[in-house]
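Structure below; questions to follow.
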């Protein structure tokens, strides 16, 4: 399928706009973890209470996703994306005026509603702007926002928090999102690719249909294990550098942000390119790239946590993040490929619910509790085991993906 130049130009504009929004998504999400040490000292919190600030966001995020995914397959996707952006940007800014723990907890919880609205509809919206054979690379571009936005969240949070306090950090990163809400609302929405193939039947079957899709289930479990590990590491590694390697908040977040953005960009781009190439040879290509990335990254993650020197820790963290980020475009593309376009918002809603319910909705609090009992280094050593489990689920998923892709495309199963 070749798009006319005018359509291709608009598709690229839509991708760039949604990438920018996704970038702010992760800036606003990660800035909290950059200022963890400042909030802990200011509000005199335990690590368990501190971790629950991250978990509360994720709990609201995953509980909102099924309802918003249902709406996303029936209402305007651009409208839901714009409304979500407005809600989470306002909530992030309101965290900047929170006088205490309960108010801050409430503000971070509301951020989850806005980000769930955007997260359920945006991947399917982007997929409908581009032909199937380019999905891996296109979604990898979209998900470059994860390492870049996360790194900017750490960098901005570290610098602003160190110099002006944690309240100012939330205020200053929350406002820019409001400027993009109108352009998103004005996007031309592409036709849903599955409207002509059984869309009403799929919608009537509802969420229960996804649990009979074995590759969707296995892929989601792989992403849940990955999210448990990466979510926990993202929230606690800046504090780990502060406590174990004795670097201040600004320097620690700068170093971790730099490692994350470089490894994340390289790993995400490489995963999308390698995934599309391998997928041309076998329909299991996206899963092979992700699975091997997880298995190679497992021992390197452990080395980063156990390293005695700051340089050794950061070098191993760079290599680990490179291999872990290989999965970002490919595993999200698998979701697109094994579900009909008419129910993709619901598919991503189910995926969001389970990867966060089993992943980073619980890992920050669990790791915080383990840190209170074992120390932070001992707690973080749980994460490499979760990474290895993600790799195993990818290879299990590869047994079913060809048949489920054929069903989604209305073809006979191989």
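Of the candidates 54, 157, 79, which one comes out as most mobile in a Gaussian network treatment of the chain with C-alpha springs shorter than 10 Å?
In this elastic network of the chain, the residue with the biggest mean-square fluctuation among 54, 157, 79 is 79.
Using 5 Å bins from zero, what percent of all Cα-Cα pairs in segment 234-309 falls into each bin?
Each 5 Å bin holds this share of Cα pairs: 3, 14, 17, 20, 15, 12, 9, 6, 3, 1.
Dividing the Cα radius of gyration by the Kirkwood radius, what Rg/Rh value follows for segment 369-409?
We get a ratio of 1.37 for segment 369-409.
Label 7 Å along Cα→Cβ of residue 372; segment 55-76 residues with amide nitrogen under 16 Å?
55-56
May I pose another question? Which whole number in µm²/s is D for segment 1-145 by Stokes-Einstein, with the Kirkwood Rh taken over Cα pairs at 10 °C and 1.306 mPa s?
After rounding, the answer is 97 µm²/s.
With a cut-off of 8 Å between alpha carbons and a minimum separation of six or more residues, what is the relative contact order of the chain in percent?
Answer for the chain is 26 percent.
If one computes the Cα centroid of segment 302-371 and of segment 33-108, what distance in Å separates the two points?
Centre-to-centre distance over Cα atoms comes out at 19 Å.
Step by step: find N for segment 1-69, compute 2.2 N^0.38 Å, then divide the Cα radius of gyration by it. What's the final number?
For segment 1-69, the normalised Cα radius of gyration comes out at 1.72.
With a cut-off of 8 Å between alpha carbons and a minimum separation of six or more residues, what is the relative contact order of segment 1-113 in percent?
Value for segment 1-113: 31 percent.
For the chain, modelled as a GNM with alpha-carbon contacts under 10 angstrom, which of 305, 392, 289 fluctuates the most?
392
Where a number appears in this text, it was derived from the coordinates with a stated rule and is not lab data. Note that this is a predicted model, so its numbers are computed, not measured. Virtual Cβ from ideal backbone geometry, glycine too; neighbours counted across all protein chains shown.
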